[in-house]
Amino acid sequence: MKRILHISLIILFGIAIMALMGFIVYEHGRQPINEVKIHISASEDAGFLNEKIIKQLVLSADSVETKKIRELRMQQFEQAISRNPFVDHVDAYLGINRDLLIHVEERKALLRIYLPDNKSFYIDEDGYMFPLCSYYSPRTLIANGYIKTPDFVLLKSATDSIFTGTHLPGLYRLAGHISESLFLDALVSQIYINSKGEYDLIPELGMQTIQLGSLDNLEEKLRNLEAFYKEKLPKEGWTKYETINLMYKNQIVCKKK
């Protein structure tokens, strides 16, 4: 009998705890949002996004000031914020103090493309193309010249099959390799597609044209270029050469000014 009574008390205690937890959850769901807190991950202090822009996107999705917690749908906020072309990723969730927490990752521009028809856009680190911003221009590598590309669709990847046969996949690949080297990232300011469809690099210093030609053996060409600038040019002078030609295998051919 005592055993049955003991088990019954344990069951009743468990039911009471579950009922209490249910009540707490119910009451919590009836409460309004305490505060909207926004955190933006960006590479610089000033960027494409700010708290005001994200707050407006949140309010366009739902009236957080008048809604109860249980009426909110986090997916609505994430979808509304993701429509902004400068947003790479977003997470929305509730904090323990009834705060609506919004974490946004901003797109990081890898390359700015200038097309022959004066159109311009960015390619981010993941290869996605996105538009210019009227109030912010990041310092980034640029590409111009005789760039071959069809009508492009923003927020498409430069590696998408629709861009096969254009310069976009190659420009993205080349810019990615340059950005991986601290030395080359500081050295190269511009990628130029010449009239032959070949790739040239324009350095920040020295006024040379670095002739890559095709992107065949690209890693080797860039390693040779970095070694040349580190070991040879400091001895001979930064302004000695007019062109630095990397198109020949295992050698660098330079033309003096």
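The values are calculated or read from the model by the stated rules, or taken from the named source; none is laboratory data. The structure displayed is predicted, hence computed values, not measured ones. Positions of Cβ are backbone-derived with ideal geometry, glycine not excepted, and every protein chain shown enters the neighbour counts.
Couple of notes before you dig in:
- Test: residue in the stretch 125-147 that is aromatic (Phe, Trp, Tyr), in contact (Cβ under 8 Å) with a residue 24 or more places away in the chain and either surrounded by fewer than 13 Cβ atoms within 10 Å (Cβ to Cβ) or within 19 Å of Val188 (Cβ to Cβ) (or both): yes
- Residue check for Lys235: among the basic types (Lys, Arg) and either under 26 Å from Asn118 (Cβ atoms) or at pLDDT 95 or above (or both): no
- Output for the stretch 187-230, where each listed residue is surrounded by fewer than 16 Cβ atoms within 10 Å (Cβ to Cβ) and either outside the structural domain of Leu246 (by TED's automatic domain parsing) or at positive phi (or both): Gly197, Met207
- Residues satisfying the stated conditions in the stretch 91-105, i.e. surrounded by fewer than 21 Cβ atoms within 10 Å (Cβ to Cβ) and touching a strand residue (DSSP E or B) at 6+ places or on another chain (Cβ under 7 Å): Asp91, Tyr93, Leu94, Gly95, Asp99, Leu101, His103, Glu105
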